[in-house]
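The values are calculated or read from the model by the stated rules, or taken from the named source; none is laboratory data. Bear in mind that the values here come from a model prediction, so they are computed numbers and not experimental data. No Cβ is skipped: glycine too gets one built from the backbone with ideal geometry, and neighbour counts run over all protein chains shown.
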Amino acid sequence: MFRRFRLVPDDTRISFMRYQYIGYAFSAALVLLTVILLPTKGLNFGIDFQGGIMIEVGMPGEVADLAAMRTALGELELGEVALQEFGAPTDVLIRVQRQEGGEEAQQAAVEQVRATLTEAFGEGISYRRVEFVGPKVSSELLWASTQAVIYSIIAILVYIWFRFEWQYGIGAILALVHDTVTTLGLFVLFDLEFNLSSVAALLTIVGYSLNDNVVIYDRVRENLRKYKAMPLPELLDVSINQTLARTVMTSLTTLLALFALVTFGGPVIRDFTIAMIWGVVIGTFSTVYVATPVLMHLNLRRAGEPAPAAAAQTP
């Protein structure tokens, strides 16, 4: 008979709360590093937030050869050039970095792209749309993306507050802000391109971290009813250990898919995938060492347990 394989034994007794202040120090160092790097080095904004040229083309044949197109256009020295499939396999959206100068400079870049593609792939190319994304549009996209992240965090706070208690909401928000800020630090530190896909990565990381938080918070609430006399630090350790197998398995299976994407997915989604890998790791860490231990400092009480001040007045 085959024994069931387990990455984490059922009876783990790891004392996570013993190292809570080490976890706090590590998180504070990451956030501080991000706060220093953001204004000094800044994010490497992509075309979405810097402005640029968008060209929608239909390529001849059955499938567009993105690799060959990327190689041909990369020799033009127009700065950043991004390509992606857009609809049918022959439809390609080309995004070119905004050129120095006015509309004439942008138009000249479009003509260079046309001439290069015609020389490399022949006359059968159809140009369906050419747009210039100016600084105003790009700034509006940046502001809308910032609002999306902020509103999602506020909505999560309200959800956690109604489902649990206010202490859980504060713990979850601290963890989500921690994950978002440190992910921005990753983009700055390694000069990864920050674009609309990066915003999608941030929102996905927020959702992933929230899911982890809710799983452990559910177990904490259940154990508060079950173990009436257990000290809170010990109860939090028990709750984390009871959900550890699920947390590790979820994180590892997600990371397996992400490592496959970063290895074989090509340069188009590499920065997005790297951010997601970081998000899974830091999201798991923040659930254990930010969202959970902070409950001890927010006067979390069992149902029916009096407030500390009221308990102190009881004769």
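Observations on the structure shown:
- Residues of region 278-289 satisfying the condition of being among the aliphatic types (A, V, I, L, M) and closer than 17 Å to residue 219 by Cβ: 288
- Residues of region 102-131 satisfying the condition of being part of a strand (DSSP E or B) and among the β-branched types (Val, Ile, Thr): 130
- Of the candidates 205, 150, 154, the single residue that is in contact (Cβ under 8 Å) with a residue 12 or more places away in the chain and in the same structural domain as residue 274 (by TED's automatic domain parsing) is 205.
- Residue under evaluation residue 70, criteria (1) in contact with a strand residue (DSSP E or B) (Cβ under 7 Å, 6 or more places away or on another chain); (2) closer than 20 Å to residue 106 by Cβ; (3) surrounded by 14 or more Cβ atoms within 10 Å (Cβ to Cβ); (4) not aliphatic (A, V, I, L, M), criterion not met: (2)
- Residue match in region 38-60 (condition: assigned to a loop (DSSP other than H, G, I, E, B) and over 27 Å from the mean Cα position of the chain (by Cα)): yes
- Residue 230, sole failed condition from (1) more than 26 Å from residue 180 (Cα to Cα); (2) out of contact with any Lys or Arg (no Cβ under 9 Å at 6 or more places or on another chain); (3) crowded, with 17+ Cβ neighbours inside 10 Å: (3)
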